[in-house]
Structures are given as structure tokens and as C-alpha cells.
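Shown next, in C-alpha cells, is the structure this report addresses.
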Amino acid sequence: MGSDRRGERYSHGYHPAIVGSYTWRTVENSAAFLLPHLRPDAALLDVGCGPGTITVGLARRAGRVVGVDMSPEMVEASSALAALEGVANVSFEVGSAYELPVDSGAFDVVYAHQVLQHVADPVAVLREFRRVLRPGGLVAVRDSDYDSMVHAPVEPAIERWREIVPQVAAANGGEANAGRHLPGWVRAAGFVDPTVTASTTTYADAEGRAAWGGMWAVRATDSDFATHATAGGFATRSDLEAISAAFRRWAGQPNGFWAWLNGEVVAKAPGA
């Protein structure tokens with residue numbers, strides 16, 4: 001993936017169905033790989049914090065937490081969640097991952113979940129993470145690998161969707177299979193002593209199928225993803241309507257199964 005950021009766009013957008021799906025993310029299902037390394041007095045920066053569900057959970061386990069997101073709406077939602085939950089040691093800022101609105105060396109941990117897949121220059125972003133870390137501080141990143149996605153019963157239209165997603169991501173400057181590239185990107189950014197793991201996301205019960213299948217049934221036709229897919233010539237409107245219907249059918253299958261790999265890396269900033 002090139003370093004030219006001019007064509008970089010967030011592929012998915014902020015349709016309510018998408019934002020709602022992000023609220024399923026918790027420390028337990030999205031940051032478990034970080035928890036053994038997290039001190040209770042740590043200063044932590046969460047980049048791409050979205051609606052703040054993970055951020056607020058991390059704040060309950062750390063000393064001071066700041067969440068950053070490029071969307072003012074997400075920062076507003078995160079702040080509201082923290083206030084509702086009564087978590088006072090967390091704050092939120094609007095900002096770019098390329099130019100974080102924080103001082104150099106201010107944090108013990110920088111965490112980013114499902115962020116690097118969307119940026120045109122992940123190594124530059126990771127170097128910016130390194131800038132705001134103290135020597136010996138930790139970067140913790142986790143991203144999906146779309147090519148690892150499997151489902152049953154197999155829907156041909158969903159297989160077509162699996163072809164379209166990486167095409168849209170690449171056209172917008174991203175990498176749908178970011179999970180497998182994290183170790184190389186982290187090392188290229190100058191981090192050392194990486195601990196590399198992988199975990200799965202699975203939807204195999206009625207609630208999970210309804211959430212994932214229902215979200216993509218809407219997302220395939222009514223989100224920024226749909227706009228990018230048709231504008232880029234990767235799919236027709238008929239393709240997207242067929243994909244939406246396939247996701248609804250899959251969600252209603254009592255034996256429906258969906259899973260994929262997430263790459264995870266925890267590494268140190270040099271100099272300690």
C-alpha cells in the first residue's frame with residue numbers, strides 16, 4: 001500500500017447501522033491481548049475510539065485515558081457515554097491519526113483497534129504513535145483480515161461481497177487484510193520486541209447472526225460503502241441488493257456460522 005494520502009477515505013462511513021455495530025466492541029472482545037501488559041496507573045491513548053465503548057472500559061483499568069477520533073460526532077458520543085457511565089479519568093479529542101493532538105512522550109500505551117486497515121500510510125501512523133509514547137511505552141494494534149472470513153451456509157452473493165470489500169478498501173487507500181501486515185508495519189515504524197497473536201471473531205448464535213447479518217444487509221445498500229462500491233465500478237446496485245438479501249437470509253439460518261481472524265501486536269517504543 002502506497003504512502004499517498006490524497007485519496008484516503010473512510011470506506012464505511014457513519015450510518016447508524018455501522019455506529020451501532022461498533023458499540024458491540026468491548027475491552028473483553030477487542031483488547032484482551034493488551035490487558036496482561038496494561039498497568040493500572042498507565043496513561044493510555046485510544047486512536048480511532050469511535051463511540052467509546054472500548055475506551056471507557058480501558059479507563060476502568062488504567063490511570064488516565066484519552067480517546068481520539070476524526071469524527072466530531074464520535075467524540076461527542078464517546079464523551080456522553082463516559083458521562084453516563086460516571087468514568088471521570090477519560091477525555092476525548094477530535095484529531096487525525098497522522099497528527100495526534102497530544103504532546104510527544106505523553107503516554108505509556110497507544111492502542112488502535114481496526115484503524116490501520118483504513119489508512120494509506122500505516123507506517124507513518126505508527127511512527128506518530130511512537131512520537132507520543134515515552135521510551136519503552138507500548139503500542140497495541142488489532143485489525144481484521146477479510147480474506148480469512150468464512151461462512152456457512154455459503155451464499156454466492158456473500159462470496160461476491162468478499163471480492164468487493166478489498167477492492168473498495170484499496171480504492172480508498174486502505175488494506176482489508178491489515179491483520180496479517182501488522183508485524184511488518186510495527187517493525188518498519190521502529191518498534192521493538194513485538195508480541196504477535198491472533199484471535200477470532202465469531203457469530204454463531206441467533207443474536208450474533210442477527211447483529212452481523214442485519215448490519216451488513218443495511219450497510220451493503222445504504223452506507224458510504226455502497227456509494228464507494230458503485231462509484232468505483234466494483235459493484236452494481238443490483239449486486240448490492242443481492243448481497244443485502246443474502247445477508248438477511250444468512251442471518252435467519254439456525255445453523256449459520258461466520259468467523260474471521262484478527263491480527264494483534266503489542267510492541268515497545270525503543271529507548272528505555
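What does the charge add up to near R160, with Lys and Arg as +1, Asp and Glu as -1, over the other residues with Cβ less than 13 Å from its Cβ?
Here the count lands on -4.
Relative to the present Cα-Cα distance, how much length would full extension add between T202 and V94 at 0.36 nm per residue of separation?
Numbers: separation 108, 0.36 × 108 = 38.88 nm, distance 3.15 nm.
Residue separation times 0.36 nm, minus the Cα-Cα distance, leaves 35.7 nm.
Would you mind calculating the gained length between W24 and S104 on full extension (0.36 nm times residue separation, minus the Cα-Cα distance), in nm to one decimal?
Details: separation 80, 0.36 × 80 = 28.80 nm, distance 3.17 nm.
Stretched out fully, the W24 to S104 stretch lengthens by 25.6 nm.
Selection among H37, A140, Q167 by position relative to the dipole of the chain gives H37 as farthest towards the positive end (Cβ unit charges, Cα centre). Based on the alpha-carbon gyration tensor of region 62-109 and its eigenvalue square roots a ≥ b ≥ c, which shape applies: rounded if a/c is under 1.5, prolate if not and a/b is larger than b/c, or oblate? Cα axes put region 62-109 in the oblate bin. Projected label points at D193 and E163, each 7 Å from Cα along the beta carbon direction, are separated by 4.7 nanometres. Placing pseudo-labels 7 Å out from each Cα toward the beta carbon at R61 and V154 gives an inter-label distance of 3.8 nm.
Specify which labelled value, from (1) 1.04; (2) 0.99; (3) 1.11, agrees with Cα Rg over 2.2 N^0.38 Å derived from the coordinates of the model shown. Derived directly from the coordinates: (2).
In order along region 46-60, the Karplus-derived 3J(HN,Hα) couplings, from 6.51 cos²θ - 1.76 cosθ + 1.60 at θ = phi - 60°, round to 9, 9, x, 6, x, x, x, 5, 6, 4, 5, x, 5, 4, 6 Hz, and Gly and Pro are given as x. Suppose the Debye formula is applied to equal point scatterers at every Cα of region 24-88; what is log10 I(q)/I(0) at q = 0.19, 0.23, 0.26 Å⁻¹? The computed values of log10 I(q)/I(0) come out as -0.66, -0.96, -1.19. This model, with +1 at the C-beta of Lys and Arg and -1 at the C-beta of Asp and Glu, gives the chain a dipole about its Cα centre of some 360 debye. Please state the shape class of region 154-272: rounded when a/c is under 1.5, otherwise prolate if a/b exceeds b/c and oblate if not, all from the C-alpha gyration tensor. Here region 154-272 falls in the oblate category. What shape does region 160-228 take by its C-alpha gyration tensor, where a ≥ b ≥ c are the square roots of the eigenvalues and a/c under 1.5 counts as rounded, a/b above b/c as prolate, and the rest as oblate? Note, shape of region 160-228 comes out oblate.
What is the gain in length, in nm to one decimal, between A245 and A231 on full extension, counting 0.36 nm per residue of separation less the C-alpha to C-alpha distance? Intermediate results must be reported in sequence, preceding the final value.
Details: separation 14, 0.36 × 14 = 5.04 nm, distance 2.09 nm.
Once the chain is fully extended between A245 and A231, it gains 3.0 nm.
Taking only Cα atoms, what is the 0 to 90° angle, nearest 10, from helix 206-222's long axis to the longest principal axis of the chain? The helix 206-222 is inclined about 80 degrees to the chain.
Read the figures in this text as sums done on the coordinates, not as results from a lab. None of the values given here were measured: they were computed from a predicted structure. Counting neighbours? That spans all protein chains shown, and the Cβs are built from the backbone with ideal geometry, glycine included.
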